[in-house]
Structure formats: structure tokens, C-alpha cells
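Trainee: Sharing a structure here in C-alpha cells format.
The values are calculated or read from the model by the stated rules, or taken from the named source; none is laboratory data. Quick caveat: nothing in here was measured; it's all calculated off a predicted structure. Quick reminder, even Gly has a Cβ in these numbers, built from the backbone with ideal geometry, and neighbours come from all protein chains shown.
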Amino acid sequence: MYAVFEVAGNQYRAEVGDKVQVERLPQEVGATVEIDKVFMVADGDQVTVGQPTVDGAKVVASVTEQSKGPRVLIFQYRIGGKRHRTQATHRQNYTWLQIEQIVGA
């Protein structure tokens, strides 16, 4: 059984037991998250597609880790009179979710 759901504006496909890396959520490690924005639930040959979401379906997950992604270099260079250069870095915050249960409609 797997589901397609949305968290923080991004869509994910996951089965029970999977670990999914999503954009940072405000919950603490060990907290339970219920995601009710489920677009599709598939159980073998039985597939339920919502319009736009499946009524009564939800994904129950627990927060296992709060972490940061790799460092990304941001470099700007403008050709002009002074040849302006700017360099910075960025690290995105992520939350790891352990999928505990998928409740289909």
C-alpha cells in the first residue's frame, strides 16, 4: 500500500515504513504528524484517486530527525563598470518523517 500526499507544497510517494525527507516542519522529534492532503491511495490493484484529495484518507507519520541539507554556494557576478562579485552560502532545513500508517477511504 502506498500513498501520494503533499507536505509543505511538495508531493511525495511513500509506503508504510519509508523515511521521507520533507521541508522543515515545526514539530519536535518524536511528535506524530497527520497529513490529510492525500491525492492518491493504492492498495494492490485497488487505486483511489481524489479530486483533488481522497476524502477520509490520511497519512500518519512520526518525526525522526530535524537536520540541514548540504551547503550550497550562491555566487553573483555582474559584468559592468566595477565587476561586482558577491558570494554567500545557504543550508536548507529538513525534517525526516517515518511513515507509520496509511488510512485509505
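Trainee: Check whether at least one residue in region 85-92 is in contact with an Asp or Glu (Cβ under 9 Å, 6 or more places away or on another chain), farther than 13 Å from Ala3 by Cα, in a strand (DSSP E or B) and not small (Gly, Ala, Ser), and report yes or no.
Mentor: We begin by selecting, within region 85-92, every residue in contact with an Asp or Glu (Cβ under 9 Å, 6 or more places away or on another chain); these are 92.
Keeping just the survivors that are farther than 13 Å from Ala3 by Cα gives 92.
Remaining after also requiring in a strand (DSSP E or B): none.
No: region 85-92 contains no residue that is in contact with an Asp or Glu (Cβ under 9 Å, 6 or more places away or on another chain), farther than 13 Å from Ala3 by Cα, in a strand (DSSP E or B) and not small (Gly, Ala, Ser).
Trainee: Would you check which residues across region 60-92 are surrounded by fewer than 10 Cβ atoms within 10 Å (Cβ to Cβ) and touching a Phe, Trp or Tyr at 6+ places or on another chain (Cβ under 6 Å) and list them?
Mentor: Within region 60-92, Arg85, Gln87 qualify.
Trainee: Please count how many residues of region 10-59 are surrounded by 14 or more Cβ atoms within 10 Å (Cβ to Cβ), in a strand (DSSP E or B) and in contact with a Phe, Trp or Tyr (Cβ under 9 Å, 6 or more places away or on another chain).
Mentor: 12
Trainee: Right, next: Mind checking which pairs have a first residue in region 18-44 that is under 12 Å from Ala3 (Cα atoms) and of a type in the set (D, E, K, R) and a second that is surrounded by fewer than 11 Cβ atoms within 10 Å (Cβ to Cβ) and at pLDDT 95 or above, Cβ under 9 Å, 6 or more apart or different chains?
Mentor: Close Cβ pairs (under 9 Å, with a partner that is surrounded by fewer than 11 Cβ atoms within 10 Å (Cβ to Cβ) and at pLDDT 95 or above) do not exist here.
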